[in-house]
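Before any comments, here is the structure.
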């Protein structure tokens, strides 16, 4: 199955390399797999554009979806990732309405054509201050490792395996809640550790589509 992960990390020059380093210990294909949760991942993927969508008023998104129904917009019966508009001739009309309603320049991120070539969309990589209303299945907050580089300092997910069954966590799925819970944990750390690890508004959030 595919899941939505948001990785929060300090500003770096090469984001792909940094995310690769942070996720490496959780690879199901590695020899040590006690905490593994992925066997494949990509930045954006089927969740590309989701953080940008979280900035839109919910009532406007609902109004757009009602418009799709009223206009009898149709999608392919086969879905791999995002739904695909079928026939493709509808794309021009749908994208025009999307731009009109939300004041953006790009394509409608709800459908597959928006990143058919796996390109990143607005919000996939953005400052933390622009992503606090976003939601995800799992969040990792990374910070400086003891041996250099970046490592996962905190991780939370909506559901976890307790050795017998999958159990819902108390986390509500919001990035803002994950950050607040981590800050509470850091309040018991030394001043030096807290200063280096506490997420700041200019830290980066990266949308990741992972498979397990």
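FYI, it's all coordinate maths here, none of it is from the lab. The structure presented is a predicted model; accordingly, all values stated were derived computationally and were not measured. Quick reminder, even Gly has a Cβ in these numbers, built from the backbone with ideal geometry, and neighbours come from all protein chains shown.
Find the Cα radius of gyration of the chain, compare it with 2.2 N^0.38 Å by division, and give the number to two decimals. Working shown, then result.
On the way: Rg = 18.6 Å, N = 212, 2.2 N^0.38 = 16.8 Å.
The reported ratio for this selection is 1.11.
In this label model, residue 17 and residue 88 are separated by 3.6 nm, measuring between points 7 Å along each Cα→Cβ vector. Once the Cα atoms are used to define both axes, helix 91-102 deviates from the longest principal axis of the chain by about 60 degrees.
Oblate is the label for the range 46-102, because the ratio a/c of its alpha-carbon gyration tensor axes (a ≥ b ≥ c) is 1.5 or higher and a/b is not greater than b/c. Helix 58-70 versus the longest principal axis of the chain: what angle, 0 to 90°, nearest 10, using Cα atoms? The angle comes out at about 30 degrees. Normalising the average separation of contacting C-alpha pairs (under 8 angstrom, six or more residues apart) by the number of residues puts the relative contact order of the range 55-115 at 28 percent. Does a label point 7 Å from the Cα of residue 96, set along Cα-to-beta-carbon, have any residues of the range 31-74 with amide nitrogen under 17 Å, and which are they? Residues 67-74 qualify, since their backbone N sits under 17 Å from the label point.
Taking the helices alone, the chain has a mean residue ellipticity at 222 nm of -7500 deg cm²/dmol, built from -39,500 (n - 2.57) per DSSP H run of at least 4 residues and averaged over all its residues.
The value of relative contact order for the range 1-99, using C-alpha pairs under 8 Å at least six residues apart, is 14 percent. Would you give the gap between the C-alpha center of the range 114-161 and the C-alpha center of the range 181-205, rounded to a whole Å? When both Cα centres are located, 15 Å separates them. Contact order for the chain, expressed relative to its length and based on alpha carbon pairs under 8 Å spaced 6+ residues apart, stands at 37 percent. With respect to the chain, whose longest principal axis is taken over its alpha-carbon atoms, helix 175-186 is tilted by about 10°.
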